Amino acid sequence: MTTLQALNRDRLKELFDLRSSYNSLMGGDFQTDPYPLWARLRAEAPVHDGTVHKLSGYPGEAFFQGLPFPDQPHFSAFTFAACDAALRDEVTFASSPAVVDGTGEIPGFETSMLSMNGAMHRRYRALVQPSFVPAKAGWWITKWIEETVQLLVDGLVDQGRAELNVDFCAAIPILTITHSFGIPIEQALEVRASLGTPAKIAAMLAPIVAARREDPQDDLISVLVQAELRDEDGVNQRLSDLEIYSFAILLLLAGSGTTWKQMGIVLTALLERPELLAAVRSDRSLLRPAIEEALRWTPTDPMFSRHVTRDTEFFGKHLPAGSVLHLCLGAANRDPARWDRPDEFDPRRPVKRSLGFGGGFHICLGMHVARAEMLVGIGALLDRLPNLRLDPDGPQPRYIGMYERGATEIPVVFG
């Protein structure tokens, strides 16, 4: 049985289609291109009153990190300088409104390092950072990514056509991260579907955590069970089961989401530009710059939020303590004050740091693994699917979504 056959394709489509009910809470059904409006807002002022989705004309409510908090004042930043400044100032702009120390009673991203601030965040991050540095990319590629990618291509290569968003892009990261936890393929989609119910994830992880405590393996759960956290008194302690579950849920949320959408964006941008795709096929050194340019041009998560801890004057706007500042990273990444021709997708432009993976102390932990997945995945398609091109008879892919942006179907033909 191939990897694709082991996955329920209808379930994949439900979980990894931004327009599905599963993803609609994040504004996955938003069809309008927000960038022209974001450009106007950015030109008018660095910071505006209100949330990004309301300022963008999204009807109803959309939920994401930093939302909804209906009783707090909300502001949104649109320039690179403003977003970058907020990400670098963790004292004034905190990741959560209250202190999070990882000892809550319920596992989840709310009790994970995503919501931690200051020294606590740095101590927790340091536990797993060594497994996600660039030098460790080979570990991920050899143990999990390469095998997953090749098995997926095996299921496509003889068909002559495919839909790459669900059948390829969506499957790679969820299979990679669950495999690194020791979760079998058959359970991978159950894990993805249960991310909103942390107790279910904990129940699936509990026997694996117990087994790794007894007999560590060369995998990510073993890294977590053997990690030691030094407390304020200088005493080293192993992580509790609950802390491991929270770590794992955070990694699953990021690992099964961001890479899927970003890989689809890179692929679509290249397929829409056949000359550029041909150049990348013949010179693979262009693939990495294409990925970096896609992260700038259309990041999958174009907004993150920070909680204002004290009254502050910020780029011409008074932000009271207790308010929420939303950082529109998508708008910041197309700021003409930083990039020439910012709305163009141009992998050959001079490299400048973008906010595609966030920035500051909370810059994406798994960004190097995500880059490795995209490099290996797209490289395998170019290696094994000759004359890969968009299907002229299929629906053309579009970029959709509010707080999670990605491509719709990516129908291709080859051979």
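The values are calculated or read from the model by the stated rules, or taken from the named source; none is laboratory data. Please read these numbers as outputs of a predicted model, since none were measured by experiment. Don't worry about glycine lacking a Cβ; one is built from the backbone with ideal geometry, like all the others, and counts go over all protein chains shown. Remember, those area values only see protein heavy atoms, side chains included, never the ligands or the DNA or RNA. Shrake-Rupley method; radii C 1.70, N 1.55, O 1.52, S 1.80 Å.
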Counting only helices (runs of 4 or more DSSP H) entirely within the stretch 130-196, those with at least 1 residues that are more than 22 Å from Arg371 (Cβ to Cβ) and touching a residue at least 40 places away in the same chain (Cβ under 8 Å) are 146-154, 185-193
Among residues of the stretch 358-372 being surrounded by fewer than 22 Cβ atoms within 10 Å (Cβ to Cβ) and touching a Gly at 6+ places or on another chain (Cβ under 9 Å), the residue nearest to Arg306 (Cα to Cα) is Phe361
Here the residues within the stretch 294-318 that are open to solvent by less than 10 Å² (accessible area, probe 1.4 Å) and not hydroxyl-bearing (Ser, Thr, Tyr) are Ala294, Leu295, Arg296, Pro299, Pro302, Met303, Val308
A careful count of residues in the stretch 203-223 that are surrounded by 13 or more Cβ atoms within 10 Å (Cβ to Cβ), assigned to a helix (DSSP H, G or I) and not charged (D, E, K, R) gives 10
Only one of (1) part of a loop (DSSP other than H, G, I, E, B); (2) modelled with pLDDT of 80 or more; (3) not aliphatic (A, V, I, L, M) does not apply to His53, and that is (1)
Output for Cβ contacts, cut-off 6 Å, separation at least six or different chains, first residue open to solvent by 80 Å² or more (accessible area, probe 1.4 Å) in the stretch 21-50, second of a type outside the set (Val, Ile, Thr) and part of a loop (DSSP other than H, G, I, E, B), reads Leu25/Phe63
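What are the residues in the stretch 235-285 that are outside any helix (DSSP H, G or I), more than 22 Å from Leu15 (Cα to Cα) and either of a type outside the set (A, V, I, L, M) or under 14 Å from the mean Cα position of the chain (by Cα) (or both), if any? Even if it seems obvious, please write down each step before you answer.
Taking the stretch 235-285 first, the residues outside any helix (DSSP H, G or I) are 235-240, 256-257, 272-273, 283.
Then drop every residue that is not more than 22 Å from Leu15 (Cα to Cα), which leaves 235-240, 272-273, 283.
Answer for the stretch 235-285, where residues must be outside any helix (DSSP H, G or I), more than 22 Å from Leu15 (Cα to Cα) and either of a type outside the set (A, V, I, L, M) or under 14 Å from the mean Cα position of the chain (by Cα) (or both): Asn236, Gln237, Arg238, Ser240, Glu272, Arg273, Asp283.
Looking only at the stretch 90-129, filter to residues that are of a type in the set (S, T, N, Q), within 30 Å of Ser323 (Cβ to Cβ) and in a helix (DSSP H, G or I); which one of those is modelled with the highest pLDDT?
Going through the stretch 90-129, the residues of a type in the set (S, T, N, Q) turn out to be 92, 95-96, 103, 111-112, 115, 117, 129.
From the residues that got through so far, the ones that are within 30 Å of Ser323 (Cβ to Cβ) too are 92, 95-96, 103, 111-112, 115, 117.
Among the residues that remain, those that are also in a helix (DSSP H, G or I) are: 111, 115.
Working: Thr111: 58, Ser115: 63.
Per the stated criteria, the residue is Ser115.
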